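**Student:** Okay, handing you the structure first.
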Amino acid sequence: MKGRRRQTVLAVSVSSVIAFVAAMPAAARAQDAAAPLFRMVAPAPPTEGHEDPALEPRTRTSLFDVGQATTAEPKARRACDGCPVRRPVFATVEVLGINVIYNLMNRLKKPPDLAQFQVKPSDWWQNLTHGFEWDGNAFAVNQFGHPYQGNNYFNAGRSNGLSFWESAPLAALGSATWEYFGEKDRPALNDLINTTAGGIALGEMFHRVGWLVRDTTKTGGARLRGEILGTLIDPVTGLNRFLSGDATRVTAKPADMIPVQIAGAMEAGVLWRASNTTLSNAAGSPYIQVNMQYGDPVGSPYRQPYDGFNVSMRLGGGAPISEATVRGRLHGHFFGDPAAGRQLMVVQAYDYVQNSAYEFGGQSVVMVFTRQRHAPEGTNLVVSAAGGAIILGAFSSPYQYGEARDYDYGPGLWAGLGATLRRKTTPVARLSYDMRLVHVVSGTSGNHVAQHIRADGLIPVRGRLRLGIGLEYVRRKVYYDYADDLDEHYPQARVFLTLVDK
């Protein structure tokens, strides 16, 4: 999809963000019916194995099993009793089917541009022979719409019993087949990277959050509501569960979908952001933000990709969706006792920042070293140092590229330092610094260098209610090869209310 033609995707993605916000209290109830939102849950039991090859009686016939004579399915087709049946071939076919659906949606949404999506073999051949380009689509389309689309491809694998690493190539397959065969425009290299890498990050995050709100031990209305909410968060998994009959099948929840703990908070407040001026000249904008920590990426042993991640989504504050970030642990190795938190981990990062001052989006993989120091009454201090590669970053630019692109693209480097004071799992104070360098390969030739300092703190008000204050300062220098250099700064302040764990 190109330009404004991705409005359908953005509408779906916005609805998923809203569903994610609504899922926060439901997630806590699905973990423990009596637990508040911020309460830790019990450690997950060991993942079930494949030792028992016995046959399991079939309790119902799914749409996928029509025409099969057998009345039992091998248990080995499921990694655990509550896991989906492993169907790698069907997952691949489903990825291609998702592209057909996207093509048909665009035909219905934009009748004047119908010819753009009436692709023929001659169009496929032209795309294959002419190779990649860098497209000129709007920022939200490329940095949010494409990753959301990639999440659908990725979860075609996850919902059909494939592992994280087995599902990752399906995000690339879906992206490539769409770029070459889904529309007449030449395939875009930036779309392929954003859809694949961003699709993996958003896909695993949405997949696990969707499982948080399901309670597969229940029946009736409570079960149906959980399955419907899980479908809003992760549509492909939800659809496959309803079609296969798993949405009503009573089982234990898959062990690898139960985090060792979960914590979250929703904050509501006002944000002031200035562009090359002081904060006294900035107008305040209301916002709502949801923050979630899934698992404990700092203090728990590594089990599998995304067994620990942090996600933050902000609605308002200068744009309908002004910020979305995901930080997922791909791998981790502890030095000594895991309780000490001396860990070297590989983290996948997804960034989306769009506001009236500047825009930044990127797909990154970084190495992070953490150290955790414990104090009485559940308080601990976590310090970290990070460094790695920005696979593809996008920074706003005063110059326009193409029809609607006012930002530059390129790979780069990322480095950062941080210190967080936590009470149990709730950050009560945080100080961080990071630097991003993006070398422009599509746009106005040059280099973007941005430095970001951030400080946040919570002040007790009453009971679990806290007053939050956040201060940020972004300074960006752009060293252009054939244009005047830029030196810009963006101070920002937030005041908000939030609830924390006791």
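The values are calculated or read from the model by the stated rules, or taken from the named source; none is laboratory data. Values in this document were obtained by computation on a predicted structure and should not be read as measured data. In this analysis, Cβ positions are derived from the backbone assuming ideal geometry, glycine residues included, and neighbour counts consider all displayed protein chains.
**Student:** Would you tally the residues in region 293-345 being acidic (Asp, Glu) and touching a strand residue (DSSP E or B) at 6+ places or on another chain (Cβ under 7 Å)?
**Tutor:** Adding up the residues that qualify gives 2.
**Student:** Could you please give the count of residues in region 124-167 that are surrounded by fewer than 18 Cβ atoms within 10 Å (Cβ to Cβ), within 25 Å of Tyr306 (Cα to Cα) and of a type in the set (Phe, Trp, Tyr)?
**Tutor:** So the answer is 1.
**Student:** Among the residues of region 196-223, count how many are of a type in the set (Val, Ile, Thr) and either under 16 Å from Gln348 (Cα atoms) or touching a Phe, Trp or Tyr at 6+ places or on another chain (Cβ under 9 Å) (or both).
**Tutor:** 3
**Student:** Continuing with this model, one more query. For the structure I just gave you, tell me whether Asp296 is of a type in the set (D, E, K, R), at pLDDT below 95 and either part of a loop (DSSP other than H, G, I, E, B) or in the same structural domain as Tyr407 (by TED's automatic domain parsing) (or both).
**Tutor:** For Asp296, the condition - of a type in the set (D, E, K, R), at pLDDT below 95 and either part of a loop (DSSP other than H, G, I, E, B) or in the same structural domain as Tyr407 (by TED's automatic domain parsing) (or both) - is met.
**Student:** Read through the list (1) of a type outside the set (Ser, Thr, Tyr); (2) in contact with a His (Cβ under 7 Å, 6 or more places away or on another chain); (3) surrounded by fewer than 15 Cβ atoms within 10 Å (Cβ to Cβ), then give the number of the only condition that Pro411 fails.
**Tutor:** (3)
**Student:** Looking at this structure, is Glu472 within 21 Å of Thr278 (Cβ to Cβ), surrounded by 15 or more Cβ atoms within 10 Å (Cβ to Cβ), within 25 Å of the chain's Cα centre (by Cα) and in the same structural domain as Ala415 (by TED's automatic domain parsing)?
**Tutor:** Here the answer is yes, as Glu472 does meet what is asked.
**Student:** Do we find that Arg208 is in contact (Cβ under 8 Å) with a residue 40 or more places away in the chain and under 19 Å from Ala255 (Cα atoms) in this structure?
**Tutor:** Yes; evaluated as a whole, the condition is true for this residue.
**Student:** Pairs, please: C-beta under 6 Å, at least 6 apart or cross-chain, first residue in the same structural domain as Ala91 (by TED's automatic domain parsing) and in region 243-260, second among the basic types (Lys, Arg) and assigned to a helix (DSSP H, G or I)?
**Tutor:** Pairs found: Ala247/Arg241.
**Student:** Taking the conditions exactly as written (at pLDDT 95 or above and buried (at least 23 other Cβ atoms within 10 Å of the Cβ)), does Ser175 satisfy them or not?
**Tutor:** In short, yes.
**Student:** So which residues in region 217-233 are basic (Lys, Arg) and in a loop (DSSP other than H, G, I, E, B), if there are any at all?
**Tutor:** Lys218
**Student:** Moving on to the next point. Give Leu114, Leu104, Leu128, Leu96 a once-over and let me know the one that is modelled with pLDDT of 85 or more, part of a helix (DSSP H, G or I) and over 24 Å from the mean Cα position of the chain (by Cα).
**Tutor:** Leu128
**Student:** Look at Asn151 and say whether it is touching a residue at least 40 places away in the same chain (Cβ under 8 Å) and closer than 27 Å to Asp406 by Cβ.
**Tutor:** So Asn151 passes the test.
**Student:** For the condition buried (at least 20 other Cβ atoms within 10 Å of the Cβ) and either closer than 21 Å to Tyr294 by Cβ or not assigned by TED's automatic domain parsing to the domain that holds Arg107 (or both), what is the one hit in Leu202, Leu170?
**Tutor:** Leu202
**Student:** Show the residue pairs that are 6+ apart or on different chains and have beta-carbon atoms under 9 Å apart, the first residue being within region 397-412 and closer than 18 Å to Val353 by Cβ and free of Cβ contacts under 8 Å to residues at least 40 places away in the same chain, the second being part of a loop (DSSP other than H, G, I, E, B) and not β-branched (Val, Ile, Thr).
**Tutor:** Final answer for the pair search is Gly410/Gly443.
**Student:** If you don't mind, there's one more thing I want to ask. Are any residues in region 154-189 aliphatic (A, V, I, L, M) and touching a residue at least 40 places away in the same chain (Cβ under 8 Å), and if so, which ones?
**Tutor:** Ala156, Leu162, Leu170, Leu173, Ala188, Leu189
**Student:** Something else: Being surrounded by fewer than 18 Cβ atoms within 10 Å (Cβ to Cβ) and within 23 Å of Leu232 (Cα to Cα): is that true of Leu104 here?
**Tutor:** yes
**Student:** If you don't mind, there's one more thing I want to ask. So Ala419 fits all but one of (1) outside any strand (DSSP E or B); (2) within 27 Å of Arg494 (Cβ to Cβ); what number is the exception?
**Tutor:** Here Ala419 meets the rest and fails (1).
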